[in-house]
Amino acid sequence: MTKPIPVTSPLLPPLGEFIPYLQEIWDSRTLTNGGSMHQAFEQALCDYLGVEHIALFANGTLALVTALQAQRITGEVITTPYSFVATAHSLLWNGIKPVFVDIDPLTFNLDPEKIEAAITPATTAILPVHCYGNPCDITAITRIADIYNLKVIYDAAHAFAVEDTAGSILRHGDLSVLSFHATKVFNTFEGGAIVCPDEKTRQRINHLKNFGFVNETTVVAPGINGKMSEINAAFGLLQLRYIDQALERRGEIEALYRQLLADVPGIHCVQRTGQVRSNHAYLPILVDSAFTLTRDELYQRFRDQDILVRRYFFPLISDFPMYRGLPSAGSVSLPVARSMAEKVLCLPIFPDLGDSDVERICELIRSVAPR
Ligand SMILES: *Cc1c(COP(=O)(O)O)cnc(C)c1O
């Protein structure tokens, strides 16, 4: 029996290297509430990502919920059905109505040409996702937001370290939200962050993530507890020392997949678009009707071999019970997202994946391909 191959496996530095960080925390007896690890990690992240202001969070979902609070978003928000469910959940937790708009078949991101038709007098913001780390059409989204006076909050959970020609894509919009969940390219076990345009916004977010306290006795908002602990922040500091080599290895794995799958009829590796630096998050392929098996048959073949491929993102968010009654979620709307959700399969990619594993995975596909 060979070992199961998961779709992802976390980046973990040598355990011994984490011990000195733990010793420092034990010595300080500061476990949370913005201690020295938290401060150091915020600064180190700003430097690494090339952004000015970051507020750390306990996870990406709390960061999303708080980002919407910080911008006082209400009413309706335009978002994508093709994402992890937390994107839309963050709207429901704020009492906001999600309005789903279809995606672009090349980037898998919100199709800017379809956004304007979904705007109503109740619309206050756009919540796009940089899906698989592919940057959204930021120019077009910014133009629409300016015309209609909408806020833009990017769910950048997939977009750690991604850069376009002008630098980090996290600088765009009113806020960008990161996740450092164990399954993401960069993890702190659990964790997240909001990238802010200025210090004043960051201060407001810092209050909101700490129950609304601005000092010992003053509470200015019904804030939440969204703070990252010292242990997670310390782990993040250590992870930053290994992230470049992890991204490099991911790049090699992606290149090998693309080479081995290039000429397989009916299998298409999703393109990386609009970025000068990729983080190689996810390895989505599209299985179309020219292939011998349906997507779900191929999925099952992999599962039978203990290769744990995933269908990100199937089902669409708009098909979950708490969303499917919405006017924008009908079974004939969102045709592009629906079609992609039926074809997509995410293959394993993580730094410890060996070339021989990639070859085995591609051989499984090639062995059943039409000839
Ligand atoms: C992972 C993810 C989230 C949620 O982040 P957590 O840190 O797991 O709470 C939100 N949006 C997208 C697109 C994600 O992939």
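How large is the helix-only mean residue ellipticity at 222 nm for the chain, computed as the sum of -39500 (n - 2.57) over DSSP H runs with n ≥ 4, divided by its residue count, in deg cm²/dmol to the nearest 500?
Details: 12 runs with 130 residues, N = 371.
After summing the helix terms and dividing by residue count, I get -10500 deg cm²/dmol.
Scan segment 10-110 for GluC sites (Glu not before Pro) in coil per DSSP, keeping those whose Cβ has at most 16 other Cβ atoms within 10 Å, and list them by number.
Working: sites: E17, E24, E42, E52, E76; in loops: E52.
Listed in order of number, the matching sites are E52.
Once you list every other residue whose beta carbon is under 11 Å from the beta carbon of F314, what net charge do they have if Lys and Arg are +1 and Asp and Glu are -1? Please list the in-between numbers first.
Details: positive: R295, R310, R311, R338, K343; negative: D296, D319, E342.
Value of the local net charge: +2.
Could you work out what % of the accessible surface of segment 244-367 is carbon and sulfur, using a 1.4 angstrom probe and leaving DNA, RNA and ligands out of the count?
Working: 2840 of 5630 Å².
Here carbon and sulfur together make up 50 percent of the probe-accessible area.
Can you give the net charge of the other residues whose Cβ lies under 15 Å from the Cβ of A246, counting K and R as +1 and D and E as -1?
On the way: positive: K184, R241, R249, R250, R277; negative: E17, D244, E248, E252, E254, D352.
Result for the neighbourhood of A246: -1.
Would you rank R338, R360 by solvent-accessible area, highest first, keeping every protein chain in place and using a 1.4 Å probe? Intermediate results must be reported in sequence, preceding the final value.
Values: R338 50, R360 75 Å².
So, going from the largest accessible area down, we get R360, R338.
In segment 1-134, what % of DSSP beta bridges are antiparallel (nearest 5)? Intermediate values should be presented prior to the final figure.
Values: 1 of 9 bridges.
If we restrict to bridges inside segment 1-134, about 10 percent are antiparallel.
Stretched out fully, how many nm does the piece from N215 to L12 gain, at 0.36 nm a residue minus the Cα gap?
Values: separation 203, 0.36 × 203 = 73.08 nm, distance 3.68 nm.
So the chain would gain 69.4 nm between N215 and L12.
Quick one: ranking Y148, Y282, Y82 by accessible area, 1.4 Å probe, largest first, what do you get?
Result of the area sort, largest leading: Y148, Y282, Y82.
What percent does the relative contact order of the chain come to when contacts are Cα pairs within less than 8 Å and at least six residues apart? Kindly include the intermediate steps, with their values, before the conclusion.
Values: 747 pairs, mean separation 85.5, N = 371.
Contact order relative to length: 23 percent.
Pairs to check: K114/K227; K184/K209; K184/K343. Give those whose C-alpha atoms are more than 27 Å from each other in this structure.
Values: K114/K227 36 Å; K184/K209 22 Å; K184/K343 22 Å.
Among K114/K227; K184/K209; K184/K343, the Cα-Cα distance tops 27 Å for K114/K227.
Grab the Cα-Cα distance for E24 and L326, subtract it from 0.36 nm times how many residues apart they are, and report the gain in nm with one decimal.
Details: separation 302, 0.36 × 302 = 108.72 nm, distance 5.07 nm.
Value of the extension gain: 103.7 nm.
Give me the distance between the Cα centres of segment 221-255 and segment 307-348, rounded to whole Å.
That distance is 28 Å.
Give the percent of DSSP beta bridges with both residues in the chain that are antiparallel, rounded to the nearest 5.
Details: 23 of 38 bridges.
Of those bridges, close to 60 percent are antiparallel.
Show which aspartates and glutamates lie in cross-link reach of K3 when reach means a straight Cα distance below 18 angstrom and same-chain residues fewer than eight apart are skipped.
K3 reaches D304, D306, D352, D355, D357, E359, E363.
Counting heavy atoms of the protein chains only and a 1.4 Å probe, report the per residue accessible area for segment 244-367 as a whole number of Å². Mind showing how you got there, number by number?
On the way: 5630 Å² over 124 residues.
Heavy-atom SASA per residue in segment 244-367 reads 45 Å².
When only alpha-carbon atoms count, how far does segment 244-367 stretch along each of its three principal axes, as whole angstroms with the largest first?
Ordered largest first, segment 244-367 gives principal extents of 46, 34, 25 Å.
Which distance in Å, rounded to a whole number, links the C-alpha centroids of segment 180-209 and segment 130-147?
Taking the Cα centre of each part, segment 180-209 and segment 130-147 sit 20 Å apart.
Which value, in Å² rounded to 10, gives the accessible area of D137 with a 1.4 Å probe and all protein chains present?
Accessible area, nearest 10 Å²: 80 Å².
Considering only protein heavy atoms, what is the solvent-accessible area of S289 at a probe of 1.4 Å, reported in Å² to the nearest 10?
Approximately 120 Å² for this residue.
Keeping every protein chain in place, order W93, W26 by accessible area at 1.4 Å, biggest value first, i.e. largest first.
W93, W26
Using the Cα gyration tensor of the chain, with a ≥ b ≥ c the square roots of its eigenvalues, what is the shape: rounded (a/c below 1.5), prolate (a/b larger than b/c) or oblate (neither)? Could the numbers behind the result be given before it?
Numbers: a/c = 2.02, a/b = 1.20, b/c = 1.67.
Verdict is oblate for the chain.
By how many nm would the segment from K114 to Y48 lengthen if fully extended, with 0.36 nm per residue of separation less the alpha-carbon distance? Provide the component values of the computation, followed by the final result.
On the way: separation 66, 0.36 × 66 = 23.76 nm, distance 3.47 nm.
Full-extension gain reported as 20.3 nm.
Among residues other than M37 whose Cβ falls under 10 Å from its Cβ, what is the net charge (Lys/Arg +1, Asp/Glu -1)? Could you put the intermediate results ahead of the total?
Numbers: positive: none; negative: E24, E42, E230.
Overall, the nearby charge balance is -3.
If a/c stays under 1.5 just call it rounded; otherwise compare a/b with b/c (prolate if a/b is bigger, oblate if not). Do that for segment 1-40, with a ≥ b ≥ c from the square roots of the Cα gyration tensor eigenvalues. Can you show the working numbers first?
Working: a/c = 4.10, a/b = 2.50, b/c = 1.64.
Judged from the Cα gyration tensor, segment 1-40 comes out prolate (a/c at least 1.5, a/b above b/c).
The values are calculated or read from the model by the stated rules, or taken from the named source; none is laboratory data. This structure is a prediction, so every number in the text was calculated from the model and none was measured. A quick note on method: Cβ atoms are made from the backbone with ideal geometry, for glycine too, and the neighbour counts reach across all protein chains shown. Surface areas here come from the heavy atoms of the whole protein model, side chains and all, with no ligands, DNA or RNA. Shrake-Rupley method; radii C 1.70, N 1.55, O 1.52, S 1.80 Å.
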